[in-house]
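Data first, discussion second: the structure below is written as structure tokens.
The values are calculated or read from the model by the stated rules, or taken from the named source; none is laboratory data. Computed from a predicted model, the values in this text were never measured in an experiment. FYI the Cβ positions are ideal-geometry reconstructions off the backbone, even for glycines, and counts take in every protein chain you see.
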Number of protein chains: 2
Amino acid sequence: MTTPELDDHRRPTYEDIHVMIGNAAKKIVEEFKPDLMVAIGGGGFFPARVLRTFLKRRDEKTGKQRNLPIQAIGLSLYEQVDGMSEEMIGTQVVRTQWLEFGAPKASGAGDEVAARYGKDSGGLVGNNVLIVDEVDDSRTTLHYAYNELLKDVRATLDSIPADVRADLPPTRFAIFVVQNKLGPKRAELPIYNSPADEKIVDGVADGVYYYAGETTPPVWIDYPWEMQDITEHNRLSALAKARNQQAN
Amino acid sequence: MTTPELDDHRRPTYEDIHVMIGNAAKKIVEEFKPDLMVAIGGGGFFPARVLRTFLKRRDEKTGKQRNLPIQAIGLSLYEQVDGMSEEMIGTQVVRTQWLEFGAPKASGAGDEVAARYGKDSGGLVGNNVLIVDEVDDSRTTLHYAYNELLKDVRATLDSIPADVRADLPPTRFAIFVVQNKLGPKRAELPIYNSPADEKIVDGVADGVYYYAGETTPPVWIDYPWEMQDITEHNRLSALAKARNQQAN
């Protein structure tokens with residue numbers, strides 16, 4: 001086997017990413033205590049699934065470990081979506097799937113009536129919502145997701161009677177990405193520098209917690225789940241690591 | 001480091017599963033030609049994301065490679081879901097998220113009107129739909145997902161004028177799981193033995209294609225995305241592989 005010329009692509013292995021997510025999870029649990037995740041598909045699917053492993057929590061009623069619910073949303077930024085003009089691609093975010101909230105429906109047996117708001121309702125309102133994606137590049141997709149979810153929450157809060165609303169816990173948002181790329185962003189987020197910054201305004205936090213598995217230079221990232229040949233990907237990843245160790 | 005006693009758990013690594021998915025994808029493309037995936041969360045998230053890499057297809061209009069859309073559904077079988085009685089858990093499937101179809105909504109610009117049925121509509125009707133999950137154990141979840149999607153398709157077809165319906169391609173279903181566990185199933189699926197079995201009845205295939213990355217004995221499977229310690233998981237996986245090679 002010949003040694004290929006290594007380009008400057010970043011090539012994390014599955015294991016690299018798994019470990020990064022595990023490390024980030026500690027801080028997320030301490031600082032933010034998420035109640036549910038919103039995974040942006042398809043890139044957010046893998047990180048959300050792994051995060052769930054590290055975010056298992058004890059149910060206060062039953063004492064059992066339980067999984068954080070994951071809701072998926074489909075957002076498309078760079079991809080061709082039917083019905084979109086060429087100009088819109090790359091500058092527009094298109095929803096291919098959005099959230100469906102409300103009481104869970106049991107199959108077979110008669111529907112159970114569940115609380116629609118607050119802790120364990122499965123909805124956003126009154127919960128700590130962790131938005132998950134693979135990479136924060138231009139920030140456009142994350143900006144869209146955060147703002148649209150925020151709009152949904154405010155609209156829902158407006159529809160709730162004032163006395164019920166007063167009893168709800170605040171709705172708080174956080175973002176987790178595997179990699180945050182350094183460089184100019186095309187959209188801004190009201191990111192908290194520390195939990196001391198947090199202020200609740202009309203039942204909703206006025207900013208967003210932000211967590212990244214790592215911060216990288218603005219280079220191309222080859223994710224393992226995008227690779228046709230995972231063995232070759234891991235080989236190049238190991239080569240780059242050896243080269244970087246030599247350079248240090 | 002001491003060698004632990006190996007139990008009979010099956011411990012595929014991320015790379016093992018990635019390769020299995022790549023191999024299965026060839027047959028899925030040849031035989032079924034999926035138009036979209038429905039990932040059952042959270043287990044189906046990783047396989048669906050990897051499958052997408054292997055199922056990229058050339059767009060007939062633009063000539064570009066394009067990604068297969070992934071829609072997510074949330075189904076909960078074993079887990080505690082609020083509002084469920086203890087007896088229902090394990091025997092009932094609970095929807096925590098379902099599909100949202102229809103024309104994609106563009107943000108900002110005025111909504112685009114897209115065809116609601118048939119190829120590239122983003123919906124089920126008139127498409128080849130690949131349902132994706134991690135494991136087929138009791139078959140309960142897959143049975144629920146397939147039958148509910150089928151119901152949705154039939155209800156939609158009933159609502160379409162006969163002349164429009166007549167022009168639609170058939171709706172076909174397939175299932176992909178990473179592992180199919182041997183042993184008794186609690187639910188049956190009308191699985192095709194070969195494509196020759198397929199018959200279209202009232203616009204819908206009368207059975208379902210079935211693909212598994214591998215078929216395993218009915219042992220416990222430790223998925224890498226469930227592991228707190230991925231290094232230890234990979235170490236035990238390698239030990240088991242070495243032991244099996246010695247045994248052969």
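For B:LYS61, the conditions (1) under 18 Å from B:LEU149 (Cα atoms); (2) surrounded by fewer than 24 Cβ atoms within 10 Å (Cβ to Cβ) all hold with the exception of (1).
For (1) modelled with pLDDT under 95; (2) farther than 17 Å from A:TYR209 by Cβ; (3) in contact with a Cys (Cβ under 6 Å, 6 or more places away or on another chain), each residue gets a yes or a no:
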site	(1), (2), (3)
A:ASP136	no, no, no
A:THR140	yes, yes, no
A:LYS151	yes, yes, no
A:ALA174	no, no, no
A:LEU182	no, yes, no
A:ARG186	yes, yes, no
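Residues that are more than 26 Å from B:PHE54 (Cα to Cα) and in a helix (DSSP H, G or I): does the range B:200-207 have at least one? No, the range B:200-207 contains no residue that is more than 26 Å from B:PHE54 (Cα to Cα) and in a helix (DSSP H, G or I).
One line per residue, one yes/no per condition, for (1) within 14 Å of chain B (Cβ to nearest Cβ); (2) among the basic types (Lys, Arg); (3) in contact with a Leu (Cβ under 8 Å, 6 or more places away or on another chain):
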site	(1), (2), (3)
A:ARG154	no, yes, no
A:ILE160	no, no, yes
A:GLU188	no, no, no
A:LEU239	no, no, yes
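Those residues that are assigned to a helix (DSSP H, G or I) and either under 10 Å from the mean Cα position of the chain (by Cα) or at the interface with chain A (Cβ under 10 Å from one of its Cβ atoms) (or both), I need them from the range B:26-55; list them, please.
The answer is B:PHE45, B:PHE46, B:PRO47, B:ALA48, B:ARG49, B:VAL50, B:LEU51, B:ARG52, B:THR53, B:PHE54.
If you go through the range B:210-221 and keep only what is buried (at least 16 other Cβ atoms within 10 Å of the Cβ) and either without any contact (Cβ under 8 Å) to a residue 60 or more places away in the chain or within 14 Å of another protein chain (Cβ to nearest Cβ) (or both), you end up with B:TYR210, B:GLY213. Here is the figure for the range A:14-27: residues that are under 15 Å from A:VAL50 (Cβ atoms) and surrounded by fewer than 21 Cβ atoms within 10 Å (Cβ to Cβ) total 8. The set of residues in the range B:56-69 that are part of a strand (DSSP E or B) and either among the aliphatic types (A, V, I, L, M) or in contact (Cβ under 8 Å) with a residue 40 or more places away in the chain (or both) is empty.
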